[in-house]
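Below is one structure, written out as structure tokens; comments come after it.
The values are calculated or read from the model by the stated rules, or taken from the named source; none is laboratory data. Every value quoted in this text rests on a predicted model; they were computed, and no experiment measured them. Note: ideal-geometry Cβ built from the backbone for every residue, glycine included; neighbour counts use all protein chains shown. Calculation scope for accessible area: heavy atoms of the full protein, side chains included, ligands and nucleic acids excluded. Shrake-Rupley method; radii C 1.70, N 1.55, O 1.52, S 1.80 Å.
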Amino acid sequence: MADTASRPRLRDSVIVQADGGTLLFLCLADRTVKRFVCDEFVKDVVVLLDGTRTIDEIGALACGDDLDARARVAEVVQILAAERLLSGVAEPDREFRLLGAARAEFYDRQLRLLQDFCDEGWSRERSGADLQRRLGEATAVVCGIGGLGGWVALALAGAGVGRIRVCDFDRVEVSNLTRQVLFRMADLGVPKVEAAAARLREINPFVEVEAVERRITCAGDLADVVKGADVVVNAADLPTPNDVAGWVSEACWPDVPHIMGTGYAYHIGVLGTSIIPGRTACWSCVRAETFADHGRDGMETLVGKREKAGAMGALSGLVGNILAWEAIRILAGLPPALGDRWAEVDFWPLEVRSRAIPRRPECPTCGR
């Protein structure tokens, strides 16, 4: 709800244009255009909605000593608030500084975006500073810190997720450097989690990073890794993507939201699905829906997945950043985009394709 009682302010994502007696409000948040027929008084009022003046002060500037000015200004403000064109915070910079001067400066552009999420009604929070505080208090786990996981961890660190736990068993190789964004030539031979943790701490001094060097062989290997996490992103694929996904989901269930089935190779990036226990379909539902695709469940594999698959940094970064954005939404309490569906991105036409994954009432995992 807009802060109309004190100093009303137009949202930063709203552009206003005039054409005679018509005002156009261009809303960059949802790409909509709202058109109003108005007089010169309304135009004058709109220009003054910058969060520095009360309704009485705006009325005095727009209409001098007119006793009806305040009522007319209040009416304009009420209409704009109903159309979600006003911000819920009159002085965002002051709100941001409640995080501390250093953090307010570091996260400045992100805070303005988060503020607009609040103003759009996507969050129960009133201010972008509140959303940033939620991220700062959250814990995220990234399983696998290679081509996908490195980009995910990088984006989470940049967003200010307070605690990031990275888990991997591998060491940095020269062929990793074209697509695994956290590593440098100087890191060759170093455990990936060690090099990744050092880089993430350099990128954002306000986050804590924990490195867990471990090969995942069963759900039990992850019990302590996912404990206390607010979201887990699975970006590991050894011994097979399905094996690791099953173990990660088992370790997370029924307490920890997790993003599953992710991967990329050649021209397909797998965004997978977000599993929010108690709200969305679980990994068992996903496997039941997709396992028999093309009749593959009854087939024998003659030629399996190659040890080395085609990949490129730009493409792994595309998938990894989408997954990080989904994790940020979950951590901030914003609506997730990948729940109850399976999504893939085709790199060549740049199309995202998805299919619904219903939550099965008879599912032995989530149906109960």
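Starting from the amide H of residue 171, placed 1.01 Å from N in the peptide plane, find each other amide H under 5 Å away whose residue is 5 or more places distant or on another chain.
192
Keeping all protein chains in the complex and leaving out DNA, RNA and ligands, what accessible area do you get for residue 142 with a 1.4 Å probe, in Å² to the nearest 10?
About 0 Å², ignoring ligands and nucleic acids.
Name the residues whose placed amide hydrogens come within less than 5 Å of the amide hydrogen of residue 165, ignoring near sequence neighbours (fewer than 5 apart) on the same chain.
140, 141, 142, 210
Check which residues have an amide H placed less than 5 Å from residue 360's amide H, if you skip close sequence neighbours.
Long-range HN contacts for residue 360: 282.
At a 1.4 Å probe, what is the % contribution of carbon and sulfur to the accessible area of the chain?
Values: 9530 of 18540 Å².
Here carbon and sulfur together make up 51 percent of the probe-accessible area.
Suppose the Debye formula is applied to equal point scatterers at every Cα of the range 261-368; what is log10 I(q)/I(0) at q = 0.15, 0.16, 0.19, 0.23 Å⁻¹?
-0.75, -0.85, -1.09, -1.28
Which percent of the Cα-Cα distances in the range 28-187 go past 22 Å? Mind dumping the intermediate values first?
On the way: 7616 of 12720 pairs.
In whole percent, the long-distance tail amounts to 60.
So what is the accessible area of the chain per residue, in Å², with the probe set to 1.4 Å? Before the final figure, lay out each step's value.
Details: 18540 Å² over 368 residues.
That works out to 50 Å² per residue.
Once the mean 1/r over all distinct Cα pairs of the range 92-251 is inverted, what Kirkwood radius in angstroms do you read off? Numbers along the way, then the final one.
On the way: mean 1/r = 0.0603 Å⁻¹.
Value: 16.6 Å, from the Cα pair sum.
What trypsin sites (Lys or Arg not before Pro) does the range 67-175 have in DSSP loop regions with at most 14 other beta carbons within 10 Å?
Values: sites: 70, 72, 84, 94, 97, 103, 109, 112, 124, 126, 133, 134, 163, 165, 171; in loops: 84, 124, 126.
Sites meeting the loop and neighbour criteria: 124.
What GluC sites (Glu not before Pro) does the range 259-368 have in DSSP loop regions with at most 15 other beta carbons within 10 Å?
Values: sites: 289, 300, 307, 326, 344, 351, 362; in loops: 300, 307, 362.
Hits after loop and neighbour filter: 300, 307, 362.
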